[in-house]
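Asker: First the structure, which I've put down as structure tokens, then a few questions once you've had a look.
The values are calculated or read from the model by the stated rules, or taken from the named source; none is laboratory data. Everything quoted here is computed from the prediction, not taken from an experiment. Counting neighbours? That spans all protein chains shown, and the Cβs are built from the backbone with ideal geometry, glycine included. Just the protein is used for accessible areas: all its heavy atoms, side chains included, with ligands, DNA and RNA removed. Shrake-Rupley method; radii C 1.70, N 1.55, O 1.52, S 1.80 Å.
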Amino acid sequence: MRALLISTYDLGRQPFGLASPAAWLRTAGIDVECVDASRSPVTDEQLRAASLIAFYLPMHTATRLAAPLIDRAHQVNPSARLCAYGLYAPLNADWLRERGITDVLGPESERSLVELASPSIPKRTSSPESPVPSLESSTPSPKPSAQGLPRLQFIQPDRTGLPALKEYASLRMPDGTRRIMGSADATRGCKHLCRHCPIVPVYNGQFRVVPVDVVLEDIRSQVAAGAQHVSFGDPDFLNGPAHARRIVERMSREFPGLSYDVTIKIEHLLQHSAVIPLLRDTGCLFITSAVEAIDDRVLEHLRKGHTRSDFVEVAGLCRRAGVILVPTFVPFTPWTSLSGYVELLDLLEDQELVEHVAPIQLAIRLLVTSGSPLLDLPDICEVVAPFDPASLTWPWRHRDPRVDALQADVMRLVMASTASARTALFGAISDVAHEHAGQPASARMMTSGTPVPYVSEPWYCCAEPMEAL
């Protein structure tokens with residue numbers, strides 16, 4: 001049995017979703033090849049040699065990019081077993097099966113992949129000397145559901161054969177230097193139920209803790225491979241606050257020059273504000289937080305768990321602690337108004353956060369996927385068109401066409417100005433927004449803010465895909 005694991009895109013990072021199952025498969029004695037199609041093409045020879053071809057689908061863009069590869073795998077190797085796994089696989093199960101995928105697994109899929117690759121493998125139990133995951137059944141684990149997800153005994157990911165870290169997104173520092181980035185997951189899933197989040201239909205409020213030793217060993221191997229900065233991929237690093245504290249304290253002691261970044265909800269930063277100085281002291285360069293909106297009505301629709309005033313308070317906490325807050329937004333929703341968009345820009349100026357926000361965050365639209373809890377809202381159902389298999393979304397249009405026109409203009413500005421300084425581009429967006437809203441342009445004399453570290457590939461979440469994939 002030979003397994004081929006394929007990733008099409010994972011936010012510019014070396015795919016954890018290839019490294020983790022590769023470790024399980026190799027531990028079980030299965031021959032594995034990993035291909036990151038975002039960095040090197042998948043060849044016909046690789047497809048022909050595989051008995052099991054598994055596509056890793058952690059996000060919406062990755063799923064769309066997988067479609068032609070799935071078709072090609074059918075043509076080149078019709079006898080291979082085709083599988084899809086990752087967060088977006090169960091969300092698009094029907095679409096995947098229509099394309100010939102026989103096995104649709106969720107994000108907690110390592111054990112199931114071993115079972116698919118070797119159905120007759122005997123049951124094993126792990127030991128300190130041989131950390132082989134226990135296989136409880138000779139049949140694949142069921143699709144994740146609200147009733148529960150598999151509980152796995154995590155082992156160290158195996159990144160053998162993946163492109164070097166220097167080939168992935170890097171961290172650009174304010175002084176113009178770059179740091180090679182690694183990535184790690186300390187937890188999986190999320191205990192929160194934000195309506196727009198793709199994690200919710202799959203995990204339904206559950207999350208899994210990756211043992212500290214496993215996380216540290218993965219970081220250790222990446223530092224040895226050249227990593228100078230680690231980006232934690234957890235949906236919320238403080239889902240397990242004590243666990244997070246143990247990881248950053250141990251990491252800081254072992255690698256005192258290593259920087260890192262994390263993603264944390266606004267409400268968690270308020271609840272655990274005492275941890276912000278600890279993050280700073282252990283090397284955290286910035287905290288990403290999915291603020292999404294500043295309109296309390298929109299935040300309530302999204303079930304975000306924070307308010308506009310909470311966001312302002314957290315911005316102040318981070319400023320005083322000397323930690324950079326990087327807020328992300330979904331500024332265009334069915335509830336967005338022209339005046340509300342202008343108000344968002346004004347608040348970012350007031351809070352001195354212009355340089356902290358990637359320009360694309362001011363242009364993206366709310367993504368409504370298959371299975372999204374957003375579809376439980378009557379006012380969403382009133383504006384969506386029928387499900388579109390080509391985009392894998394429920395397309396929607398705003399009741400006020402001027403809002404859609406503004407979004408299109410902002411996106412054009414962002415896409416045409418990729419090399420522009422953030423402050424200058426923000427000013428251009430502000431001028432366009434004020435014009436659409438029929439308001440006089442801001443009279444403030446905007447000066448360039450203090451540059452902040454940022455990742456060289458923009459981060460997208462809960463946004464409609466761009467037309468040019």
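Asker: Explain nothing, just the number: dipole magnitude of the chain about its Cα centre with +1 on each Lys and Arg Cβ and -1 on each Asp and Glu Cβ, in debye rounded to the nearest 20.
Answerer: 920 debye
Asker: Report Rg(Cα)/(2.2 N^0.38 Å) for the stretch 299-455, keeping two decimals.
Answerer: Details: Rg = 16.5 Å, N = 157, 2.2 N^0.38 = 15.0 Å.
Normalised by 2.2 N^0.38 Å, the Cα Rg of the stretch 299-455 equals 1.10.
Asker: Which percent, to the nearest 5, of DSSP beta bridges fully inside the chain are antiparallel?
Answerer: Bridges in the chain that DSSP calls antiparallel: roughly 25 percent.
Asker: Now for a different question. Of PRO163, CYS190, GLY176, which is farthest on the positive side of the dipole of the stretch 143-232, counting Cα position, with +1 on Lys and Arg Cβ, -1 on Asp and Glu Cβ, and the Cα centre as origin?
Answerer: Most positive-ward Cα: CYS190.
Asker: Taking the 0 to 90 degree range and rounding to the nearest ten, how far is the long axis of helix 60-76 tilted relative to the main principal axis of the chain, both from C-alpha atoms?
Answerer: 30 degrees
Asker: Let me ask you something else. Tally Lys and Arg at +1 and Asp and Glu at -1 over the other residues with C-beta under 11 Å from the C-beta of VAL432: what net charge comes out?
Answerer: Computed value for this residue: -2.
Asker: Below 10 angstrom from the Cβ of HIS192, what's the summed charge of the other residues (Lys, Arg +1; Asp, Glu -1)? If you can, show how the numbers build up before the last one.
Answerer: Values: positive: LYS191, LYS265, ARG303, LYS304; negative: ASP236, GLU267.
Neighbourhood net charge equals +2.
Asker: Give the carbon-plus-sulfur fraction of the accessible surface of the chain in %, rounded to a whole number; probe 1.4 Å, heavy atoms of protein chains only. Before the final figure, lay out each step's value.
Answerer: Values: 9800 of 18880 Å².
It is 52 percent, rounded to a whole number.
Asker: With every protein chain left in place, what is the accessible area per residue of the chain in square angstrom, probe 1.4 Å?
Answerer: That works out to 40 Å² per residue.
Asker: Once ligands and nucleic acids are excluded and a 1.4 Å probe is used, how much of MET411 is accessible, expressed in Å² to the nearest 10?
Answerer: My reading of the accessible area for MET411 is about 40 Å².
Asker: Something else: Could you order HIS356, HIS306 by accessible surface area, starting with the largest, using a probe radius of 1.4 Å? Numbers along the way, then the final one.
Answerer: Values: HIS356 35, HIS306 10 Å².
So, going from the largest accessible area down, we get HIS356, HIS306.
Asker: Now for a different question. Between helix 338-350 and the chain, what is the angle of the helix's C-alpha long axis to the longest principal axis, kept within 0 to 90° and rounded to the nearest 10?
Answerer: Between helix and principal axis, roughly 90 degrees.
Asker: Sticking with this structure for a sec: Which one, HIS243, ALA421, GLN361, is farthest towards the positive end of the dipole of the chain when Lys and Arg carry +1 and Asp and Glu -1 on their Cβ?
Answerer: HIS243
Asker: Provide the FRET efficiency to the nearest 0.05 for the ARG399-SER309 pair, computing r from the beta carbons and using R0 = 35 Å.
Answerer: 0.80
Asker: Rounded to the nearest Å, what's the spacing between the alpha carbon centres of the stretch 348-407 and the stretch 144-203? Just the number, please.
Answerer: Measuring centre to centre over Cα atoms gives 24 Å.
Asker: If you don't mind, there's one more thing I want to ask. Give the angle, between 0 and 90 degrees and rounded to the nearest 10, that separates the Cα long axis of helix 308-321 from the longest principal axis of the Cα atoms of the chain.
Answerer: 80 degrees
Asker: If you don't mind, another one. With contacts defined as alpha carbon pairs under 8 Å and 6 or more residues apart, what's the relative contact order of the chain in percent?
Answerer: RCO, the chain: 13 percent.
Asker: Now for a different question. For GLU300, what charge total do you get from the other residues with a beta carbon under 14 Å from its beta carbon, if Lys and Arg give +1 and Asp and Glu give -1?
Answerer: Here the count lands on -2.
Asker: What stretch of the chain, leaving out the sites themselves, is the longest with no GluC sites (Glu not before Pro) in a DSSP loop having at most 12 other Cβ atoms within 10 Å?
Answerer: 137-351
Asker: Can you find, among LEU270, VAL312, LEU348, the residue sitting farthest towards the positive end of the charge dipole of the stretch 270-358, where Lys and Arg contribute +1 and Asp and Glu -1 at Cβ?
Answerer: Value computed over the given set: LEU270.
Asker: Name the aspartates and glutamates eligible as straight-distance cross-link partners of LYS304: C-alpha to C-alpha under 18 Å, and not fewer than 8 places from it in the same chain.
Answerer: ASP234, ASP236, GLU267, GLU292, ASP295, ASP296, GLU313, ASP376, ASP379
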